[in-house]
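A short worksheet on the structure shown next.
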């Protein structure tokens, strides 16, 4: 195993891999910086670019986008008081006040160090856990694997904070879309709606992902018009020493480690979300600080905590994604789709069949985060100006990428039309609070889930959930998860009342 | 109203899928039923809830997760944007991707009050990237449009 780790590290340090990673990091940072688009749309748009490429390079590219996008949002948070997405909201509390006090450089130094090293921490935990996870995964048969898929869908469904039903509906829709086309087990074509030839191959992954993640964002951008953020009244903050910020992280090294740990653990538990990890870390930092009164006024600890948790989380998320096929975060759900694009079947057998690739991805998380910090260290002030770009220019350009992405793989114009159909669906879902990630997850794991379900029924009988101990445990975990979710929602309602 | 129409459309889709399933063999039918039946039930409940909320309580439309861009935009703006997307698809369908795409980019930029130099520059840049990367480098066969297939027999 150790040999595999070293071999993967040796392979990753090649020029072509590093260039691909640099490209992914740059794209991730740009999508992270532009508010309202986010890394998810970036991954969806560039997923088609990896089709036909070497799986390792392709997945490195996608994971680098995922790793860098959250750091991009942190930069706009500090320099402009504009969070890239919800993940950066906790950084806003102390990051911008620091910048307003003339310590923007120092805050940037903290962000780059804490997030870069946070990614390193999460990646090392991932690599350390892979050998431990492998025997666990090997103990899983079809029934256990099927239950893990159900567990994953449950976790993703509870992302819909507003309504559990909406979350489950979204997950079921993903599964239903996966039923269309040739069924693996029986070899018959299903739901082809009056022998429509296009549907015989099933719904295609890329048009679906572009439709539900990229087109709604482009629509919002086109509706917003002109600039994303009005330039007037916003200044790019200056001042402070970046190196001082780097030193700050080491001055509060134990806080950094604790927050990384919080981030990694939250990342391992699917469906919780990055913003929970960052706010948990922020709360912990405030509780344990000698100067809690400084929080909200530009506290150094208030910036270290969310940034270290945010990036450490990705390593944890990748662990459950690789180990059990359950994405720990939204970006990881799309990564599962990217696996399919390069011909790797995602799911619980990843650690068995693609161990080298899994180790490679662990290193990618680490190097991607460090590279992202390095790029930002050099170019943060220049890159942040993207936010002032005219949305009227960017929207049609992104739309062109969407069209080409949808068309490129099968070279079938129907895929473009389907991308827009799913775009309509994604847009309505986004506006009405139906989570989009479970749709993707259900679709990616749908065929696999069906195969495992049928094999389980045939080998163990229809009550396999109750006759297999691991299945029963997973089932109980599902029930407990749902109960806790309902309880927390009822508490929230009571608080509001 | 969208909050009522959306689950209703999904409900109709699930019912059609259920009806379509009836002739399949046991193995082909079992798992779809395991998913479709609860999904239909949940959608029925959601549609009922929304119908009550929209038609009886007359609650205003929910606007969740709108993000930063476009927040507060009117319904008319959304309709115009959806119209633009429809024009884009129709242009590509009729004239093919290589011609439809630059026409759309140029039209969109110009009609959104961008100057000619910027509009032409961006259009040429997009076309250049498209041609260079996808046609020259990736050697992708590009859809030439309905008109080309009618008049020149190409597809």
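The values are calculated or read from the model by the stated rules, or taken from the named source; none is laboratory data. Everything quoted here is computed from the prediction, not taken from an experiment. Virtual Cβ from ideal backbone geometry, glycine too; neighbours counted across all protein chains shown.
At-a-glance table
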{"quantity": "Subset of the stretch A:404-450 (residues that are part of a helix (DSSP H, G or I), farther than 24 Å from residue B:42 by Cα and within 9 Å of another protein chain (Cβ to nearest Cβ))", "calculated": "A:404, A:407, A:408, A:413, A:416, A:417, A:420"}
{"quantity": "Unmet criterion (only one of (1) within 10 Å of chain A (Cβ to nearest Cβ); (2) surrounded by fewer than 17 Cβ atoms within 10 Å (Cβ to Cβ)) for residue B:93", "calculated": "(2)"}
{"quantity": "Helices (runs of 4 or more DSSP H) (entirely within the stretch A:1-80) containing at least 3 residues that are within 14 Å of the chain's Cα centre (by Cα), within 14 Å of chain B (Cβ to nearest Cβ) and crowded, with 24+ Cβ neighbours inside 10 Å", "calculated": "A:38-46"}
{"quantity": "The stretch B:96-117, residues that are over 13 Å from residue A:396 (Cα atoms) and either surrounded by fewer than 16 Cβ atoms within 10 Å (Cβ to Cβ) or facing another protein chain (nearest Cβ under 8 Å) (or both)", "calculated": "B:97, B:113, B:115, B:116, B:117"}
{"quantity": "Search result, residues across the stretch B:53-86 that are modelled with pLDDT of 80 or more and at the interface with chain A (Cβ under 7 Å from one of its Cβ atoms)", "calculated": "B:77, B:78, B:81, B:84, B:85"}
{"quantity": "Odd one out for residue B:20 among (1) at the interface with another protein chain (Cβ under 8 Å from one of its Cβ atoms); (2) more than 15 Å from residue A:180 (Cβ to Cβ); (3) out of contact with any helix residue (DSSP H, G or I) (no Cβ under 8 Å at 6 or more places or on another chain)", "calculated": "(2)"}
{"quantity": "The lone exception for residue A:484 - which of (1) modelled with pLDDT of 85 or more; (2) in a helix (DSSP H, G or I); (3) under 27 Å from the mean Cα position of the chain (by Cα) it fails", "calculated": "(1)"}
{"quantity": "Contacts under 7 angstrom Cβ, first residue in the stretch A:167-182 being more than 10 Å from chain B (Cβ to nearest Cβ), partner surrounded by fewer than 22 Cβ atoms within 10 Å (Cβ to Cβ) and assigned to a helix (DSSP H, G or I), 6 or more apart", "calculated": "A:181/A:199; A:181/A:200; A:182/A:200"}
{"quantity": "Selected residue (only one of A:308, A:317, A:358 is under 24 Å from residue A:251 (Cα atoms) and assigned to a helix (DSSP H, G or I))", "calculated": "A:308"}
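Table: residues versus (1) assigned to a loop (DSSP other than H, G, I, E, B); (2) in contact with a helix residue (DSSP H, G or I) (Cβ under 6 Å, 6 or more places away or on another chain).
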{"site": "A:167", "(1), (2)": "no, yes"}
{"site": "A:172", "(1), (2)": "no, yes"}
{"site": "A:195", "(1), (2)": "yes, no"}
{"site": "A:199", "(1), (2)": "no, no"}
{"site": "A:202", "(1), (2)": "yes, no"}
{"site": "A:208", "(1), (2)": "no, yes"}
{"site": "A:212", "(1), (2)": "no, yes"}
{"site": "A:215", "(1), (2)": "no, yes"}
